[in-house]
Structure formats: C-alpha cells, structure tokens
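Data block below; observations after.
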Amino acid sequence: MILAWMICILLTAGLFCWLFAQWNPVIAKWIALLSVTINFVLMGQLCMEHYSTLSNPDPWFINYQVPWIPSFGISFHIAMDGLSAVLVLLSFFLGILAVLCSWNEINKRTGFYYFNLLWTLAGITGVFIAMDLFLFYFFWEVMLVPMYFLIGIWGDSNRSYASYKFFIFTQTGGLLMLLAILALYFIHGHQSGTYSFDYFSLLGTNLETTAARGIMWGFLIAFIIKLPVVPFHSWLPDAHSEAPTAGSLILAGLLLKTGAYGIIRFVLGLFPEAAADIAWWMMLLGVIGIIYGAFLAYAQTDLKRLIAYTSVSHMGFVLLGIFAFNQMAMQGVVMQMLAHGISTGALFAMAGMLKERLHTRDIGQMGGLWTVMPSMGGAAMLFTMASLGLPVLGNFIAEFLILIGAFPAAPAITIIATLGLVFSALYSLRLMQKVFLGPVTIAEPVKDASARELIIMAALGISIIALGLYPQPVIDMVRTVVERAVNSS
Amino acid sequence: MTELQFTALLPYTMLAAASMIVILLIAFRASHTVIQVVGFILMCAVITALLKVRELLPVSILPLFEIDGFALLFTGLIIFSVLFIGLFSYIYFEEREENPKEYYILLFLATLGAAILTISRHFISLFIGLEILSVSLYGLIAYLRNRNNAVEAGMKYLMLAALSSSFLLFGMALIYMDTGSMEFAGIAQKTINAPTSSVLFMLGIGIIIVAVGFKLALVPFHLWAADVYQGAPVPVTAFIATVSKIGVFAVLIRFSLAINLHRYPLVITVFSIIAIVSMVFGNLLALRQQNIKRLLAYSSISHFGYLLVAFLPGNTAGVEAGIFYLLSYSITLLTAFGIITLLSTASKDAEDLSVYRGLFWKNPLLAGLLTIALFSLAGIPLTAGFLAKFFVLTTGVQQQMWLPVAVLVLTSVIGLYYYLRIITTLFTDSGSIQTKDKSLHPFFYVATYASLIVLVILLCWLGVFPGMVVETVRQLL
C-alpha cells in the first residue's frame with residue numbers, strides 16, 4: 001500500500017505544481033522538492049527495515065494486489081524486493097537532485113515542467129515495482145510521455161528531432177514487448193486455464209523452445225533499445241544532449257536502468273533457458289558496446305554527447321555482467337547500475353552548470369576552467385575518476401565484480417572488455433584536460449559553484465565514495481534476488 | 001405488428017419523428033436556438049427509449065428488422081455521437097450560414113439511416129438504411145454551398161456513393177440469384193448445406209465487400225476520403241468519420257456473423273489484405289499532411305484497418321474488441337473535431353497545422369484536450385485508445401494472426417510520428433493564434449467546452465477503468 005501511496009504522492013504533487021505555478025512558479029519548485037524528499041525518506045525507512053530483516057526467506061517484503069480489469073486477469077499488483085528497493089531509492093535520490101538542478105535553469109512554464117518531471121519519476125517508480133505485466137507496460141509508457149515533453153519543450157536547439165527519435169525508438173520496442181506479453185498471456189492461459197498477467201503466475205509457464213525464443217526477443221528488444229545496446233543506441237546521444245539538465249540526469253541515471261532491470265527481472269526470470277542460449281552473443285554485444293561507446297566518446301567535441309557515449313560504454317558492462325550468469329557478475333551489475341546512475345548523473349549536472357555559465361557545450365571553447373572555478377573543478381575530477389573506474393569509488397567495485405564474474409564464462413570476451421577500462425581512462429582524461437586544465441580561454445568572469453550546486457555535488461560525491469568504500473549493504477540487499485536470477489538458468 | 005414489436009421499434013420511430021418535428025418547427029419559424037434545444041432533447045429521449053427497450057430484448061420484426069443487444073449497442077453509440085455532433089453544429093453553423101435550420105433535418109435523417117443499418121437483417125432494410133444515410137450525406141457535405149471545395153466534396157461523395165450503392169445492389173442480386181433469399185438467415189440456411197460455395201455467391205460477396213470498402217473508406221477504395229473530409233463542414237466530417245462508419249460496420253458484422261462469412265478462407269484472405277494495406281497506406285499518406293482534416297481522414301483509414309483486425313477472427317471476443325474500439329475511436333474523434341470547430345473562424349476552418357502553433361501557451365485547456373485526444377489516437381496508455389488497441393491486439397494474438405498483428409504494431413509506430421508532429425506544433429513557441437471574436441451567447445461556448453471536457457474525462461476513464469463498459473458490452477451481446 002505504501003508503494004501505491006508513493007506513486008500517488010508524485011502524481012498529485014505533479015498536478016499541484018501545474019496548478020499553483022499559475023500564481024507563483026516558486027511554489028511549484030517547493031512542492032516538487034517536498035514530494036520527492038518525502039518519498040525518499042519513506043523509501044529510506046523501508047530499506048532500513050528490510051535491511052534489518054534480511055534473514056527472512058521471502059524476498060518480497062512488500063506485496064500489494066487489487067484487481068483492476070478482472071475480466072482480462074489484470075490486477076494492480078506491486079511488490080518490492082531488494083533489487084526494486086535499491087533502484088527505487090536511487091530514483092528518489094536522483095529525483096531530488098533533478099529538482100535542484102532545474103531550480104534556476106527552468107524559467108518558463110515552470111509548473112508544467114515540474115509536472116512532467118514528477119510524472120516521469122512516478123512512471124519509473126512504477127516500472128521498478130510493477131509485478132503485473134500489463135501494469136508494467138502501462139508504467140513503461142507513462143514514463144515515456146512526460147520525458148518526451150521534457151526533451152521537446154525545454155530542450156536545446158535540436159530538441160524536436162531528439163524527442164521524436166527518443167519516443168519512436170522506445171515505442172517500437174514497447175509495442176513489440178506488448179505483443180510478447182500477449183503471446184505469453186495466451187500460452188499460459190491455454191496451459192493453466194486461468195488467464196492472468198501476473199508475473200508470479202506467468203513464471204510457471206512451460207514454453208516450447210521456439211515459442212520461448214520468440215517471446216523472449218519481444219521483451220529483449222524493448223530492453224536493449226532502452227539500455228541501449230550498440231545497434232540500437234542511436235537515440236541516446238541525441239536525447240541526452242538535447243534534454244535539459246534534469247532530463248539528461250534522469251535519462252542517464254534512471255531510464256537506462258529500467259532496461260537493465262527489465263532484463264534481470266523479466267528476460268532472465270521468465271525465459272531462463274532461452275536467455276542462456278544467447279548468452280554468448282549478448283556478451284559479445286556488450287563488449288562491442290564497451291569498446292565502441294568508448295571510441296565514440298573519445299571523438300566527441302560536444303560535452304553532453306561525450307558523456308552520453310560513456311553511458312553506452314558503461315551499459316555494455318551491464319549487459320556483459322547479466323549474461324555471464326554468475327553471482328559475482330550479477331552483483332557487479334547492480335552496483336554498476338547504482339554507481340553509473342550517480343557518476344553519470346553528476347557529470348550531466350556538471351555539464352548543465354557549465355552550460356548555464358558559458359552558454360555552450362562545445363569542449364573546444366572551454367579550457368582552464370579550474371583556475372576560475374576551483375570547487376567545480378574538484379568535483380569534476382572526482383566524477384571523471386569515478387567514470388574511469390578508479391578504486392575507492394563505486395564504479396571500480398562494479399566493473400571489477402563484473403569482470404571477475406564474466407571471466408570464467410567467456411575469457412576472450414572479458415579480456416577485450418578489460419581494454420575498455422583503458423579507453424575509459426583516455427576519454428575521461430581528455431574531458432578533464434580540455435575543460436578544466438590547459439590555458440584559460442574565456443574572457444568574461446564566471447562564478448564558481450553556488451551553495452545549491454555544491455550541495456548537489458556533495459550529495460553525489462559522498463554517495464559514490466560510500467558505494468566504493470562500503471558496498472556491503474547493497475550486496476546484502478540484492479543477494480537473494482541475484483541468487484534466484486542466476487540459479488534459475 | 002404486435003405491441004411488443006412496436007415498443008421495441010420506438011427509438012427508431014422517434015428518430016424518424018425527430019426530422020418531422022424539425023420540419024414543423026421550421027414551418028412555425030422557430031429560431032435556430034429552439035431547434036437546437038429541441039433536437040438535443042429529442043436525442044436524449046431516444047437514449048431513454050433505448051434504455052427502456054433494453055429490457056424487452058431480443059425482438060425480431062420479420063422479415064426486416066432484428067432488435068437485439070448488438071443493435072442496441074451500436075444504435076446507442078450512434079445516438080451518443082450525434083448528441084455531441086449536434087452540439088458542435090450550433091456554434092459552427094450559427095456564424096456561417098443564414099439558414100442553418102434545414103441542416104438538422106438532414107442530420108437526423110442520416111442518423112436514422114445509420115440506425116436502421118444496425119437493426120437490419122434483410123437486404124432490403126440494409127439498402128434502404130444505407131440510402132437514407134447516403135442521400136442525406138450528399139446534402140450535408142455540400143451544405144455550405146458558397147464554398148468551392150464543399151461543392152466539390154459533395155459531388156465526389158455523390159459519385160462514389162452512388163457507384164458503391166450500385167455495386168451493393170448488384171452483389172445482392174447475385175446472392176439472391178444463387179440462394180433465393182434476401183434474409184441473412186435464409187442465405188445462411190442455403191449456404192450452410194451447400195458442399196461447395198458457388199461462384200455466383202462468392203462473386204456477390206466480393207462485390208458487396210467492394211461496396212462496404214467504399215463506405216468505410218478502406219484502401220484501395222479510400223480515394224474520396226481526404227477530399228470529402230476536407231470539404232465538408234467540420235461537424236459533418238465528424239459525422240462521416242463516426243456515425244456513418246459505425247452503421248456500416250455494424251451491418252457488416254451482423255451480415256458476416258449471420259452467414260458465417262469466416263468459413264471462407266478466401267474472404268478472410270481478402271479482408272486481411274484490405275486491413276493490412278489500409279493500415280500501411282493510411283499511416284503513410286498521413287505522414288506529410290499539413291491539413292489536419294485530411295490528416296484525420298488518413299488516420300481514420302488506418303484506424304479502420306486496425307478495426308478489421310478485430311473483425312478477422314469472427315468470434316465474440318473480436319466483436320467486443322471492435323465495439324470497444326469504435327467507442328473509444330468515436331469519443332476521440334468527436335473531441336478532435338469539437339476542438340477544430342471551436343477554433344474555426346467564420347471564413348475558414350481551422351484545418352491548417354499552422355493555426356495550432358503554440359496553442360498550448362494561448363489556450364492550454366483546448367490544447368491539453370487535443371493532446372489527450374491525439375495520444376488516444378496514437379494508443380498511449382491512460383487513454384481509451386490504448387486499451388482499444390490492446391483489446392484488438394489481444395484478439396489477433398489469440399487467433400495467432402501474426403502478420404496483421406505485426407503490421408498493426410509497426411504501423412502504429414509510423415502513426416505515432418504524425419500525431420507527435422501535431423502535439424509538437426501545439427507546444428512550439430511563438431504562435432500567432434487569431435483569437436476569434438466571440439459573437440455568440442457565451443452559454444453555447446460554455447456548453448461546447450463542457451461537452452469536450454466530458455468527452456475527455458470519458459476517454460481517460462475508459463482508459464483506466466474499462467471494466468464496467470466491457471461488462472455491459474458482454475451482457476448485451
């Protein structure tokens with residue numbers, strides 16, 4: 001029930017933002033901040049409670065179900081286990097920062113902006129906790145539409161192209177997934193006699209090999225477009241670079257994670273054998289993503305595009321780890337989802353702050369910014385180091401675990417993937433050097449980070465270091481989920 | 001005729017009486033406002049009568065009519081649409097036409113024709129209903145006779161509708177020749193026992209399919225659609241897009257279920273091909289349209305392609321999905337056309353996409369409603385359009401018709417592009433909306449806005465809680 005309330009809080013707060021902004025836009029900001037913070041606190045409490053009762057054998061510590069469209073076997077079924085819990089916590093954490101990021105950036109149509117921001121967050125939260133496949137698809141789309149508006153209205157110069165591309169790519173995947181869901185629904189219905197979209201009842205479906213393979217691809221395509229995996233990644237740089245700062249932060253930090261979450265929860269859960277069959281190919285695609293993303297990132301001159309391509313590279317690790325079918329790699333995947341969300345989110349926030357001051361995203365026009373903005377430079381240093389996988393920071397743990405786990409499964413591929421770390425050092429250092437080091441190129445004075453921006457950076461920085469030094473709580477939280485996902489195949 | 005039959009026929013006789021009452025009112029020089037109000041009350045009375053009749057079902061009036069739950073659903077849908085079209089007509093015609101009163105005679109007559117189609121179980125009643133509908137439409141489409149493209153549209157529709165009617169007659173004649181019956185039940189009896197289907201019969205069916213294809217504007221019989229949609233007055237366009245197609249689709253379902261058309265693999269193949277090309281071409285042709293009325297014409301072609309996917313299995317699940325689809329489609333299109341009506345000026349309809357530029361920042365309410373309607377057409381969750389598409393997909397997947405289903409999915413993605421294009425236009429900066437001077441009494445604007453809001457609330461309600469409607473449809477079928 002509390003989960004339903006969290007979604008409700010976001011949805012109603014979104015409506016209030018829109019309504020009250022007519023009188024005073026400042027109210028909208030505070031409503032948005034307050035609602036996400038309340039959710040974050042609630043979720044934090046839930047996580048603490050769950051953490052103290054980890055010995056409980058049932059991993060689903062919240063399970064809430066009411067019928068919705070009973071004649072089709074559709075119910076409003078939401079549940080939470082360790083994996084959902086950490087991801088929802090991450091969503092609200094980044095949600096708070098997204099609101100803070102847009103505090104001064106968004107000056108026009110403030111109410112409608114926060115409406116879209118909160119509804120996207122609500123959709124993402126729903127995706128992480130929906131246990132009814134129809135409901136899952138429903139939330140999958142609900143997070144899409146407001147995101148489309150965020151990019152299309154408050155984005156940069158090429159925004160309408162980027163927003164179309166984003167919407168159409170995701171929708172194509174989504175509709176294929178809908179077909180797959182329906183096919184699974186009918187096969188399960190024929191077998192058991194009860195027609196239901198419920199995840200837990202569908203888990204027991206016996207599928208023939210060909211049927212399982214076809215249906216799995218329906219799901220998988222939706223998720224690998226979202227993740228994104230290399231041949232389907234072309235929406236990502238456009239969407240990320242054109243979106244407003246908070247939009248990029250949510251896209252990189254959360255939306256990409258819904259793809260990874262979907263693969264772990266649905267593809268591995270529902271079609272373990274079919275997934276095991278294609279594991280090698282998927283790992284190969286993951287490695288291609290790692291190397292290709294890194295190369296493209298190195299070649300970019302646009303700051304936000306550069307960061308966007310690093311996401312392609314990092315998500316390659318996620319794919320590699322998932323299909324290694326190994327506990328350690330899977331733990332690494334969860335760590336990578338969190339660490340990448342935080343570090344890339346931070347880089348996008350930084351890019352937004354730079355753009356606010358310099359009015360450009362072109363790296364060629366930046367240089368020597370450390371001397372004018374020392375605290376910003378320090379923060380940027382921390383997060384680029386996180387992105388290249390320096391020990392002590394969260395990303396290191398994640399990539400290390402993934403590589404160790406993947407090695408027994410596919411040694412050759414893993415060796416190539418390790419090269420990705422070298423390339424990530426290349427693009428990260430280039431980013432640092434071009435933007436913050438070297439001769440000063442700008443003439444007019446710029447302000448260093450304000451208190452609000454320092455808070456954002458400090459929050460992100462502390463969490464990434466905490467993840468790097470003491471990742472054990474996260475590992476404990478998701479242990480049962482990971483064991484189940486790995487053992488089922 | 002027994003009393004029971006007479007009572008069951010009451011909604012239809014009332015509908016026929018409605019146009020007579022309007023004629024009388026005109027003779028007594030009643031004003032446009034009075035006619036409008038009386039018309040509204042009459043339509044509400046018809047709905048009440050439908051609810052009353054519901055308890056008597058099913059009643060057959062041999063040999064022409066069959067009034068059952070199925071007919072009631074479709075008639076209800078038709079009257080529901082006409083209720084809103086009538087409302088939108090007032091502000092549209094009041095400021096454009098010096099004598100808008102005769103319009104209502106034709107409107108109610110056309111409605112009567114469509115309603116008769118839903119209850120017909122005989123070729124004669126089918127043909128009479130269709131002709132009442134078409135002949136009234138000729139007049140309706142060309143009603144604003146000072147506009148060039150209105151007359152052009154009227155002529156075009158006249159030609160093609162007459163052509164399709166003659167096709168229909170010829171097809172009926174062939175079937176009659178083969179089976180010796182004009183009743184659907186009689187035809188069924190004759191053909192069920194026949195070991196192989198005769199050439200004459202199949203030819204007849206094929207020709208009837210052509211005629212129906214014209215009326216529903218399915219590819220390749222769609223050539224009139226865009227011009228007629230563009231040329232006709234906005235409320236009439238809404239009428240063609242909803243009421244006339246609902247009527248024809250109803251009789252198509254009744255006919256095919258009665259004679260079990262789905263036994264013939266050839267017919268199913270033909271319908272699949274028509275559905276597929278309608279989805280593909282409807283969506284492709286809409287891609288580059290700058291005129292919103294033409295765009296909606298092409299979009300409705302593709303929507304009837306989607307609808308045919310629900311028709312293909314020929315089972316009750318398909319019919320249920322089809323009815324739900326028609327309901328959500330009608331509500332959505334009525335919303336869209338209502339908004340176009342409100343934005344139209346006396347000299348020009350709001351059909352060019354540039355009119356909608358930046359509408360959201362000028363008139364957030366209208367633009368918001370239009371956005372929801374477009375999302376519903378595109379099939380995005382939280383709107384009825386999504387669930388409608390979902391139900392259609394469900395029936396398709398259940399019968400494992402993978403090709404039409406796959407085409408449906410892929411073409412909806414194409415469709416998404418042009419709906420998004422309009423939505424993006426609505427949200428673009430710097431528009432110059434001509435604010436139209438509101439010459440009419442504000443009450444009518446309030447009424448129109450209120451009805452639009454009601455429609456959109458229905459749209460969202462159906463999109464989130466379809467359970468009640470689905471149950472009602474199941475009970476009636």
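The values are calculated or read from the model by the stated rules, or taken from the named source; none is laboratory data. Just so you know, these numbers come straight off a predicted model, no measurement behind them. Positions of Cβ are generated from backbone atoms using ideal geometry, with glycine treated the same way; all protein chains shown enter the neighbour counts.
Things to note:
- Selection within the range A:139-173: residues that are among the charged types (D, E, K, R) and in contact (Cβ under 8 Å) with a residue 60 or more places away in the chain. The member of this set that is surrounded by the fewest Cβ atoms within 10 Å (Cβ to Cβ) is A:Asp156.
- For the range B:415-435, a residue qualifies if it is within 11 Å of another protein chain (Cβ to nearest Cβ) and either assigned to a loop (DSSP other than H, G, I, E, B) or at pLDDT below 85 (or both), and the qualifying residues are B:Thr428, B:Asp429.
- The range B:461-477: number of residues that are more than 10 Å from every other protein chain (Cβ to nearest Cβ) and part of a loop (DSSP other than H, G, I, E, B): 1
Each row is one residue, and each column tells you yes or no for (1) part of a helix (DSSP H, G or I); (2) of a type in the set (A, V, I, L, M, F, W, C).
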position	(1), (2)
A:Leu354	yes, yes
A:Thr360	no, no
A:Gly367	no, no
A:Ala380	yes, yes
A:Phe383	yes, yes
A:Val392	no, yes
A:Ile397	yes, yes
A:Leu403	yes, yes
A:Ala412	yes, yes
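- Evaluating A:Trp60 against the criteria (1) surrounded by fewer than 19 Cβ atoms within 10 Å (Cβ to Cβ); (2) touching a strand residue (DSSP E or B) at 6+ places or on another chain (Cβ under 8 Å); (3) touching a residue at least 24 places away in the same chain (Cβ under 8 Å) leaves one unmet condition, (3).
- Restricting A:Ala449, A:Ala485 to those that are more than 29 Å from A:Leu303 (Cβ to Cβ) and either at pLDDT below 90 or hydroxyl-bearing (Ser, Thr, Tyr) (or both) reduces the list to A:Ala485.
- Residue, farthest from the other protein chains (Cβ to nearest Cβ), within the range B:367-414, restricted to residues that are surrounded by 21 or more Cβ atoms within 10 Å (Cβ to Cβ) and not in a helix (DSSP H, G or I): B:Thr383
- Where A:Gly14 falls short, out of the listed (1) within 14 Å of chain B (Cβ to nearest Cβ); (2) loosely packed, with under 13 Cβ neighbours inside 10 Å: (2)
- Members of the range A:65-78 that are among the polar types (S, T, N, Q) and either assigned to a helix (DSSP H, G or I) or more than 12 Å from chain B (Cβ to nearest Cβ) (or both): A:Gln65, A:Ser71
- Any hit, the range B:304-316, residues being more than 17 Å from the chain's Cα centre (by Cα), farther than 18 Å from B:Leu408 by Cα, in a helix (DSSP H, G or I) and modelled with pLDDT under 90: yes
- Answer from A:Leu182, A:Leu176 - the residue that is more than 21 Å from A:Met353 (Cα to Cα), within 9 Å of another protein chain (Cβ to nearest Cβ) and surrounded by fewer than 22 Cβ atoms within 10 Å (Cβ to Cβ): A:Leu176
- A count restricted to the range A:406-427 and to residues that are aliphatic (A, V, I, L, M) and farther than 11 Å from A:Leu320 by Cα stands at 8.
- Of the criteria (1) buried (at least 18 other Cβ atoms within 10 Å of the Cβ); (2) at pLDDT 90 or above; (3) over 30 Å from B:Gln475 (Cβ atoms), which one B:Gln289 fails: (2)
- You will find that of A:Phe138, A:Phe166, the residue that is part of a helix (DSSP H, G or I), within 11 Å of chain B (Cβ to nearest Cβ) and farther than 24 Å from A:Phe197 by Cα is A:Phe166 and no other.
- Unique residue being outside any helix (DSSP H, G or I), buried (at least 24 other Cβ atoms within 10 Å of the Cβ) and either of a type outside the set (Phe, Trp, Tyr) or at pLDDT 95 or above (or both) when the list is A:Ala324, A:Ala339, A:Ala349, A:Ala297: A:Ala324
- Total residues in the range B:440-460 satisfying the condition of being in contact (Cβ under 8 Å) with a residue 12 or more places away in the chain and not in a helix (DSSP H, G or I): the figure is 1.
- Residue in the range B:17-62 that is modelled with the highest pLDDT, counting only those that are surrounded by fewer than 16 Cβ atoms within 10 Å (Cβ to Cβ) and among the polar types (S, T, N, Q): B:Thr48
- Matching entry among A:Asp81, A:Asp132, A:Asp58 (being among the charged types (D, E, K, R) and either in contact with a Lys or Arg (Cβ under 6 Å, 6 or more places away or on another chain) or within 14 Å of chain B (Cβ to nearest Cβ) (or both)): A:Asp132
- Condition check for A:Leu94: surrounded by fewer than 24 Cβ atoms within 10 Å (Cβ to Cβ), of a type outside the set (Lys, Arg), within 30 Å of A:Phe20 (Cβ to Cβ) and more than 11 Å from chain B (Cβ to nearest Cβ): no
- Inclusion of B:Val82 among residues that are modelled with pLDDT under 90, among the aliphatic types (A, V, I, L, M) and part of a helix (DSSP H, G or I) is not warranted.
- Some residue of the range B:91-107 being of a type outside the set (D, E, K, R) and without any contact (Cβ under 8 Å) to a residue 24 or more places away in the chain: yes
- On the stretch given as the range A:118-129, residues that are touching a strand residue (DSSP E or B) at 6+ places or on another chain (Cβ under 9 Å) and either within 12 Å of chain B (Cβ to nearest Cβ) or polar (S, T, N, Q) (or both) total 1.
- Selection status of A:Gly378, more than 23 Å from the chain's Cα centre (by Cα), under 16 Å from A:Leu303 (Cβ atoms) and surrounded by 14 or more Cβ atoms within 10 Å (Cβ to Cβ): no
- Out of B:Leu359, B:Leu342, sole residue that is buried (at least 23 other Cβ atoms within 10 Å of the Cβ), more than 9 Å from every other protein chain (Cβ to nearest Cβ) and over 22 Å from A:Phe186 (Cα atoms): B:Leu359
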